[in-house]
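One structure is given below, encoded as structure tokens.
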Amino acid sequence: MPGTGVGPRRLLNKWRARPGYDWLIVIVVLGLHLAWVRWTNGGDLLGKPGREQRLQIYTAGATVVAVVGSFVTAAVALYAAASGRRMRTLRTADHLASQFRRNWVSILSATLLIAGVCLLATILDVTKSDPGGVHWMVEAALILGVARAYRLLWLFNAVIMASDRDLADRTPDARQPQT
């Protein structure tokens, strides 16, 4: 939307710059889903299964998040080890560097939070039908995980693209004939 100052790309860039917006996404999506469940008296995906199946879902959620956490540490290692002009810019330009740090920390902290919530849910969910709503807590954590997973993909892509471009800049120098 030229001229309006608001468009999908601009909103996406604003969202990427502020990991705290993920909590707004969690509130909106969870609120809409809760309203839908109350209104239709159905559609409660985590509330329908019995306790044993919910416990399996919680455990699987914690496991998946732990695996993703290892990818996060690999991504941070890639970011830290990469060198070149573009990578230096990503690390030192005030707005870029702080944005990247906030995003890395938000992703890593979310993996710890989500795994903790899923494991805590296995302790708290003790009844057949979960009248206390523990599954809603897990659903909120999983929604946060989806938002942070997108951030992880975006960061991975940015680092890989910058590293590849830096590498491409150095390649022609290596091919020059020696005199």
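Run the helix sum for the chain: -39,500 (n - 2.57) per DSSP H stretch of 4+ residues, divided by residue count, reported at 222 nm to the nearest 500 deg cm²/dmol.
Mean residue ellipticity, 222 nm, calculated: -28000 deg cm²/dmol.
Which FRET efficiency, nearest 0.05, do Trp23 and Met161 yield, Cβ-Cβ r, R0 25 Å?
0.35
Once both axes come from the Cα atoms, what is the angle between helix 94-124 and the longest principal axis of the chain, in degrees from 0 to 90, rounded to 10?
30 degrees
Per 0.36 nm of contour for each residue apart, how much would the distance between Arg88 and Lys48 grow if the chain were fully extended, relative to their Cα-Cα spacing?
9.4 nm
Would you mind getting the accessible area per residue of the chain, heavy atoms of the protein chains only, 1.4 Å probe, in Å²?
62 Å²
Which FRET efficiency, nearest 0.05, do Thr40 and His95 yield, Cβ-Cβ r, R0 30 Å?
Plugging the Cβ-Cβ distance into 1/(1 + (r/R0)^6) gives 0.10.
Explain nothing, just the number: dipole magnitude of the chain about its Cα centre with +1 on each Lys and Arg Cβ and -1 on each Asp and Glu Cβ, in debye rounded to the nearest 20.
Dipole magnitude for the chain comes out near 560 debye.
As a test of reading the structure, rank Glu52, Glu139 by solvent-accessible area (1.4 Å probe, protein chains only), most first.
Ranking Glu52, Glu139 by accessible area, largest first, yields Glu52, Glu139.
If I compute Cα extents along the principal axes in Å from the structure I just sent, which labelled value in [x] 79, 42, 24; [y] 48, 42, 29; [z] 74, 36, 24 lines up?
Label of the calculated value: [x].
Around Arg38, with a cut-off of 15 angstrom between Cβ atoms, what is the net charge of the other residues, counting Lys and Arg +1 and Asp and Glu -1?
Every neighbour counted, the sum reads -1.
Between the helical axis of 21-40 and the dominant principal axis of the chain, each derived from Cα atoms, what acute angle in degrees is found, rounded to the nearest 10?
Value to nearest ten degrees: 30.
Can you work out the Karplus-derived ³J(HN,Hα) for every residue in region 137-154? Use 6.51 cos²θ - 1.76 cosθ + 1.60 with θ = phi - 60°, whole Hz, and x for glycine or proline.
Whole-Hz 3J(HN,Hα) from phi for region 137-154: 5, 5, 4, 4, 5, 5, 5, 4, x, 5, 4, 6, 5, 4, 4, 4, 4, 4.
Roughly to the nearest percent, how much of the accessible area of region 1-159 is carbon and sulfur, given a 1.4 Å probe?
70 percent
Using only Cα atoms, find the angle between the long axis of helix 51-81 and the longest principal axis of the chain, and express it within 0 to 90 degrees, rounded to the nearest 10.
Approximately 10 degrees, to the nearest ten.
The values are calculated or read from the model by the stated rules, or taken from the named source; none is laboratory data. Everything numeric in this text was worked out from a predicted model, so none of it was measured. As a convention, Cβ positions derive from the backbone with ideal geometry for all residues, glycine included, and neighbour counts pool all protein chains shown. We work out accessible area using only protein heavy atoms, side chains counted, and drop any ligands, DNA or RNA first. Shrake-Rupley method; radii C 1.70, N 1.55, O 1.52, S 1.80 Å.
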